[in-house]
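Input: a single structure, listed below in structure tokens.
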Amino acid sequence: MGIVIVLISATAFGMNAILAKLAYRSGLGTSQTLAFRFVLGAVGMWAVAIALRQNPLRFTRRQLLTLIALGGIFYTAQSLMYFTALRTLPASLCVLIAYVYPSQVAVAGWLFLRRSISAWQAVALVGSFGGVVLLVGGAQFQLAWALVFAIAAPTIYTAYILVGESVMKGIPAVGASAVIISGAGLAFSVIAALQGELALPATANGWAVAFAFALIPTMIAISLFLAGLPRIGAARASLLSTWEPVVTVVLAVVLFGDSFTVVQFVGGLLILVAVILQAGPEAGRAADAAPVRN
């Protein structure tokens, strides 16, 4: 069940780039879009949390502070790094670097949490990374500060996932998501205000995109991902999330008429194979195996 939850989350996250294009076409700025995405998402998630009797106000102070930090610091920081890199680096290079994070999660788990890396995980990691390389069509290497930002984004996201896995073991997913999204919404609102972009959408299309952003890649994607983390572990969850670029490419082809080459098809197929390997029973046992040392 945890595998299905994370795959649905990845599908919802795959709407990010599509909705971003629609937001920009509607005249919304980057900070404005992100602020409305998380503020509206926070309002909706708090309502759902209270309705499901997962009121975050019942959490301990430590839990609340950790969740706020996840949203206001980790999630906000990785988004800022990623979008800053996108200003000067090719999008394909940024996407390629971003999807190094499954490997970083597995390696970080081995280094800091004494978790083993099985042969199945190694094969799946190589396959998923190779699939992303083909899916984005390759990338041009450019030595610049933007490259540092692009590398920092998945590194920060790795910390977000590992901390999130730890704190989510004793907290309901919906209530936790409400706090995390609130932290991100507050941070992005301050950033948008400083940049002069904290303004209401001027068109009906802008409002529609803002609400879609808040619902699909925010409320649905984040809460389901957090719900899946304690069920299957950070390494498997992060690897299964590489389904996201496949969703993005398919939607871009269908909705915007983007080209889809044979090389991209092979890349998507590799990611699917990696997902199947990681979802199998032997991979599951390896992911939950005992630490390397006592």
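Structural remarks
- Comparing VAL250, VAL132, VAL209 in a Gaussian network model of the chain (Cα springs below 10 Å), the most mobile by mean-square fluctuation is VAL250.
- Approximate shape of the chain as ellipsoid semi-axes (Cα gyration tensor, √5λ), whole Å, largest first: 28, 25, 17
- Debye intensity ratio I(q)/I(0), log10, segment 25-97, q values 0.14, 0.21 Å⁻¹ (C-alpha model): -0.64, -1.03
- Potential lengthening between ASP258 and VAL107 on full extension [0.36 nm per residue; Cα-Cα distance subtracted]: 50.9 nm
- With all protein chains in place and a 1.4 Å probe, the accessible surface of the chain carries 70 percent carbon and sulfur.
- Of the DSSP H helices in the chain, those whose Cα atoms cover at least 20 Å axially and whose Kyte score averages -1.0 or more: 30-51, 119-135, 145-167, 173-194, 262-279
- Placing R0 at 22 angstrom, the Cβ-Cβ distance between SER166 and LEU57 gives a FRET efficiency of 0.55 after rounding to 0.05.
- Helix-only mean residue ellipticity at 222 nm for the chain, each DSSP H run of n ≥ 4 adding -39500 (n - 2.57), per residue, nearest 500: -23500 deg cm²/dmol
- Protein-only accessible surface order, largest first, of LEU40, LEU80, LEU147 at 1.4 Å: LEU80, LEU40, LEU147
The values are calculated or read from the model by the stated rules, or taken from the named source; none is laboratory data. Being a predicted model, the structure only gives us computed values, none of them experimental. For neighbour counting, all protein chains shown are included, and Cβ atoms are generated from backbone atoms with ideal geometry for every residue, glycine included. Each accessible area value is taken on the protein alone, full model and side chains, heavy atoms only, with ligands, DNA and RNA left out. Shrake-Rupley method; radii C 1.70, N 1.55, O 1.52, S 1.80 Å.
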